[in-house]
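Shown next, in structure tokens, is the structure this report addresses.
The values are calculated or read from the model by the stated rules, or taken from the named source; none is laboratory data. Since the model is a prediction, treat every value here as computed from it, not as a measurement. Using ideal geometry, Cβ is built from the backbone for each residue, glycine included, and neighbour counts are taken over all protein chains shown. These accessible areas exclude ligands, DNA and RNA; they are computed on the full protein's heavy atoms, side chains included. Shrake-Rupley method; radii C 1.70, N 1.55, O 1.52, S 1.80 Å.
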Amino acid sequence: MIDDLSELTRAALDSIALATSTDELRRLEHEHLGKDADLMVARRQLGGLPVEQRKDAGQAINAARQLVEQSIHERQIALAADERAAQFDAERLDLTEVATDVAVGHAHIVSQAWEELEDVFLGMGFRVAEGPEVETDWHNFDALNIPPGHPARDGFDTIYVKYGEAGSTLLRTHTSPVQIRTMLAQEPPIHVIAPGRVFRRDTADATHMPVFHQLEGLVIDRDISLADLAGTIEAFTTAYFGAGFSSRLRPNHFPFTEPSAEFDIQRPDGSWLELGGCGMVHPNVLRAGGVDPEQWSGFAFGFGIDRLALMKFGVDDLRELFTNDVRFLSQF
Ligand code: DAH
């Protein structure tokens, strides 16, 4: 039985040395040291040997088993190290590699227009003011000389909010309430613009959205006249649109200004674009803002940012600005 022990051991050691993976090694371990392995079978048969042979045979089998175990253990360490190195190599990330084909996003065209407008007005000496989107009826209407029952209220398709007394809280229908908040918060002179989101109960179509963006302007100082208003609109027009553009004021009516005007922009091809409203701040509005109309006067203006973006980028449907379709937005 023991005759072929050394041969058995050598065969086992050779196959272990040639194993190329830890999986294969596990199979070999089972083959050479498992319950049915020749060595193990021989060990179980020791009891059948004459006593004088039993000890030597037992020692020889144990030595062979230890040899096989040892070589499996060593081979296991070597193979596991190789496999780990191979895995690291396969999963290696080159952090110095520069990606050239990633998609880089950019600001939405309304944001682009908004930021450019801020730049232009900041350059003209204005500051940016803000107000809440959920506004009181008083700031949105009363303080702007639109008392309850005033017909101008009907034109605004107001979305009221269920808060406080019925009709007391709403989603601001325009950025004009920021005029009031600014006057109440700081002493004149005031030179601010207030860009922001406004809301109206409108059905979405090519020229209307229930949510859109406006930019309000307010100047309060001593001896401000209509000429200052016209000059500011003209300076803004050429700064934002370019040298080939000009502006004009057309008489109109707004409750919060007196006199009031609509202002239009003339394109280089001679065509006109109606942009917004403006006028000299009504004395009632100054008073609501805590400003003495005997000492101060001012002008205000307001227009839609979305329409400007549409014109600037040659888009003809307002809804495109709000669907957030990347195929559309990525063109700009
Ligand atoms: N708030 C007006 C609107 O939403 C726009 C406007 C007109 C603002 C005249 C003004 C202004 O400041 O003087 O339709």
Got a sec to turn the phi values of the stretch 169-181 into Karplus ³J(HN,Hα) couplings, 6.51 cos²θ - 1.76 cosθ + 1.60 with θ = phi - 60°, whole Hz, x for Gly and Pro? 10, 8, 8, 3, 8, 7, 8, 4, x, 5, 4, 5, 4
Leaving out same-chain residues fewer than 8 places away, which lysines sit with a Cα under 21 Å from that of K162? none
Accessible area per residue of the chain at 1.4 Å probe, in Å²? 56 Å²
How much FRET efficiency would the formula 1/(1 + (r/R0)^6) give for S6 and A81, where r is the Cβ-Cβ distance and R0 is 22 Å, rounded to 0.05? 0.15
Choose one of Q53, A81, I224: the residue whose Cα lies farthest towards the positive end of the charge dipole of the chain (beta-carbon charges +1 Lys, Arg; -1 Asp, Glu; about the Cα centre). Q53
Show the residues, 5+ positions off or on another chain, whose built amide H is closer than 5 Å to the amide H of R127. H191, V192, I193
Whenever you get a sec, compute what percent of the accessible area on the stretch 2-91 sits on carbon and sulfur atoms (1.4 Å probe). 50 percent
³J(HN,Hα) across the stretch 89-101 via Karplus (A = 6.51, B = -1.76, C = 1.60, θ = phi - 60°), whole Hz, x for Gly/Pro? 5, 5, 9, 5, 10, 8, 6, 8, 5, 9, 6, 10, 10
Averaging sequence separations of C-alpha pairs under 8 Å and six or more residues apart, then dividing by the length of the stretch 189-332, give the relative contact order as a whole percent. 25 percent
Residue by residue through the stretch 197-205, which ³J(HN,Hα) values in whole Hz follow from phi under the Karplus form 6.51 cos²θ - 1.76 cosθ + 1.60 (θ = phi - 60°), with glycine and proline marked x? 7, 10, 9, 9, 6, 10, 7, 5, 8
Once amide H atoms are placed 1.01 Å from N in the peptide plane, what residues at a sequence separation of 5 or more from T169, or on another chain, have their amide H within under 5 Å of its amide H? D137, V161, Y163
Explain nothing, just the number: relative contact order of the chain, from Cα pairs under 8 Å at least 6 residues apart, as a whole percent. 14 percent
Could you let me know the centre-to-centre spacing of the stretch 106-136 and the stretch 229-299, using Cα atoms, in angstrom? 17 Å
On the formula 1/(1 + (r/R0)^6), with r taken between the Cβ atoms of E115 and D157 and R0 of 30 Å, the FRET efficiency rounded to 0.05 is 0.60
May I ask you to list the lysines whose Cα is less than 25 Å away from that of K35, ignoring any residue fewer than eight positions away on the same chain? K55
Descending packing, highest mean Cβ count within 10 Å first, for 258-266, 61-69 is 258-266, 61-69
I need the peptides 292-302, 79-89 ranked by packing, meaning the mean over residues of other C-beta atoms within 10 angstrom, with the highest value on top. 292-302, 79-89
Rank-order 159-167, 226-234 by packing density, defined as the average count of other C-beta atoms within 10 Å over each peptide's residues, highest first. 226-234, 159-167
Throw me the Rg/Rh for the chain, computed over C-alpha atoms with Kirkwood Rh, two decimals. 1.59
Calculate, axis by axis, the spread of Cα positions in the stretch 2-91 along the three principal axes, and write the results as whole Å, longest axis first. 59, 17, 15
Taking amide hydrogens as modeled 1.01 Å from N in the peptide plane, which residues meet the under 5 Å criterion relative to A261, leaving out close sequence neighbours? N252, C278, G279
Most fluctuating of S15, S111, S168 in the GNM of the chain (C-alpha, under 10 Å) is S15
Length gained when the stretch Q266-A206 is fully extended (0.36 nm per residue, less Cα-Cα span): 19.4 nm
